[in-house]
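Each reported figure results from applying straightforward, stated rules to the coordinates on display, with no laboratory input. All of these numbers come straight from a predicted model, not from anything done at the bench. Cβ coordinates were reconstructed from backbone atoms using ideal geometry, including for glycine residues, and neighbour counts include every protein chain displayed.
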Amino acid sequence: MFGPFNADTTLVYKYVTTNIGNGYNPVTGIFTAPVKGVYHFQFFAQCCSHPAEAYLMKNGCGVFMAHESSEGGSTSAGNAVSLSLDLGDVVYVVLPCGRKLHDNDHHHNTFSGHLLFTL
């Protein structure tokens, strides 16, 4: 279980399958654009018996939210977006204040992104 916290909290994804260019920091949970370009991101959140919710942030501003609720059992939410980023722009996922997520060795909560093309 991750959360709940008394403030919005950046999610840190420790299980990193690829990180070409080292744009993702597995200590902070923040992706920093290594080049100016268009990037595609997707994220998923899972919780049991509570709403699953997470926000994709760009430079401190919310871009998209993933939210799903269920009467019982587990529920998951996801979203995806392509963003134009300048060199040094940051993208990360936030768990809202008071929310919690469930995860285990199956990695139900994920964040991924890749460069589509440079500008």
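Here are the numbers:
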read-out: Paramagnetic reach from Asp8 (point 7 Å along Cα→Cβ, amide N under 13 Å) across the range 41-69; value: 54-66
read-out: Residue among Ser76, Pro96, Asn22 farthest towards the positive dipole end of the chain, charges placed on Cβ; value: Asn22
read-out: By average C-beta atoms within 10 angstrom, highest first, the peptides 52-63, 21-32; value: 52-63, 21-32
read-out: Rg/Rh ratio calculated on Cα atoms of the range 9-118 (Kirkwood radius); value: 0.98
read-out: Value of relative contact order over the range 1-83, rounded to a whole percent, pairs C-alpha under 8 Å and six or more apart; value: 24
read-out: Cα-based reach from Lys36 at 20 Å (exclusive), listing lysines while leaving out same-chain residues under 8 positions away; value: Lys58
